[in-house]
Amino acid sequence: MVGCFPRRNLTHDTLSRIFAHSTPNTCVNFCLQREFRYAIVQNGKTCSCCDDAPNQEERLNDRMCNAPCSGNSDQFCGGKMTSSVYETGLTKRPQQPLKLYPSPKDKPVRIAFLLMFHKRNLRQIRRLLRAIYDRNHYYYIHIDPKQHYLFRELLKLEKDFPNIHVSRQRHTITWGCFTQLQALLSAMKHLLSLPSWNPDFILNMSESDFPIKTITKLTQLLTANRGRNFVLMQRMVTVDEFISRAGYDKQFVECENRMWLIGDRAPPSGIVTNGSNDWFCLSSDFVRYFLDTSHDLVAKMMAIMEHTVHSTESFFGQMLQNSPFCETHYDSTLRLISWNTSK
């Protein structure tokens, strides 16, 4: 506990909630999920969140925060005119800007393009490969198991291009299901195990994508920002709106290529909770980190994602924000996406 302080006046930067069963831990988890630095409990049941540190000159004797918590009468949650203040453990630092150009001494990065193809559009795929191909990069191709003709045609590329690999491990992927995330992780693990492949970044694409900048420009940008991780977080909605809209407070189970709702669940505690995008450009060091399930955070996140619908839109952003790589995050997918389908 940071200490006991006079009751704080709430501002527009403060989030407040009354819990029927409040404890300090309940409030800390609530505020951590919503990316606040401090959790404040008052009057036994009110939880507030803010980023401003309390004024230590105003600190009171801890005995003045003596209101029993509504969730545990053996604990105290502030008082009628006092507040118990706790740190959530979150440290906020401003996002570091991107460098636009590398130093002349910087060794150019090598990018592994993770290409997930689901449709039989061979002409478009060849057009995409011609646009992004560079002998210094790598191209890992996963083809939907139902697309036999596409698999046979693209397999021919391996004979002439040693940096192209067409995966024989072909996963059936259903959009929104946990198997979609499993297929991505399996492809990344296999990609990093290929002999002589040593990428600095992994960037995923589909047959619907097409570059609007040259690969030379992309290589320069990533070389200048080696070690950064590019994932776009959902900033247009609050965490509570994300939890509600994404069904993050619901328990799902995958069966027969469907995610079935089986009940409610409490949002995961002890982590920053927010949605992200399933398009990314990730450093190989970060990818190796989340492929190692011996890390407690990775094991916890995988257990959560197994019962989460559209888990690919949560996993990479939440793993990044809660891992030792959080300061490498840049809030972008390096993509221009338009959902406007009107002619």
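Structure data summary
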read-out	value
Per-region count, segment 1-15, residues modelled with pLDDT of 85 or more, open to solvent by 10 Å² or more (accessible area, probe 1.4 Å) and not in a loop (DSSP other than H, G, I, E, B)	1
Selected residue (only one of I111, I18 is among the aliphatic types (A, V, I, L, M) and open to solvent by 30 Å² or more (accessible area, probe 1.4 Å))	I18
Qualifying positions in segment 158-196 - without any contact (Cβ under 8 Å) to a residue 12 or more places away in the chain and either open to solvent by less than 20 Å² (accessible area, probe 1.4 Å) or touching a Ser or Thr at 6+ places or on another chain (Cβ under 7 Å) (or both)	none
Residue among M205, M233 that alone is among the aliphatic types (A, V, I, L, M) and under 20 Å from H171 (Cα atoms)	M205
Filtered residue count, segment 103-157, keeping only those that are in contact (Cβ under 8 Å) with a residue 40 or more places away in the chain and among the hydrophobic types (A, V, I, L, M, F, W, C)	12
Within segment 303-340, considering residues that are open to solvent by less than 60 Å² (accessible area, probe 1.4 Å) and of a type in the set (F, W, Y), the one farthest from N229 (Cα to Cα)	F315
Some residue of segment 53-64 being open to solvent by 20 Å² or more (accessible area, probe 1.4 Å), among the acidic types (D, E) and either without any contact (Cβ under 8 Å) to a residue 40 or more places away in the chain or in contact with a helix residue (DSSP H, G or I) (Cβ under 8 Å, 6 or more places away or on another chain) (or both)	yes
Test result for L291, farther than 16 Å from Q33 by Cα and either of a type in the set (S, T, N, Q) or touching a residue at least 60 places away in the same chain (Cβ under 8 Å) (or both)	yes
Output for segment 116-142, where each listed residue is closer than 23 Å to S284 by Cβ and β-branched (V, I, T)	I132, I141
Within segment 114-143, tally of residues that are modelled with pLDDT of 95 or more, charged (D, E, K, R) and surrounded by 15 or more Cβ atoms within 10 Å (Cβ to Cβ)	1
Extreme residue, most open to solvent (accessible area, probe 1.4 Å), among residues of segment 21-50 that are part of a loop (DSSP other than H, G, I, E, B) and more than 15 Å from S83 (Cα to Cα)	H21
Conditions (1) within 31 Å of the chain's Cα centre (by Cα); (2) under 30 Å from H21 (Cβ atoms); (3) open to solvent by less than 20 Å² (accessible area, probe 1.4 Å); number of the one not met by S84	(1)
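The values are calculated or read from the model by the stated rules, or taken from the named source; none is laboratory data. As the structure is a computational prediction, the values presented were derived from the model and not from experiment. Reconstructed Cβ throughout: ideal geometry from the backbone, glycine too, with neighbour counts over all protein chains shown. Only protein heavy atoms, including side chains, enter the accessible area calculation; ligands, DNA and RNA are left aside. Shrake-Rupley method; radii C 1.70, N 1.55, O 1.52, S 1.80 Å.
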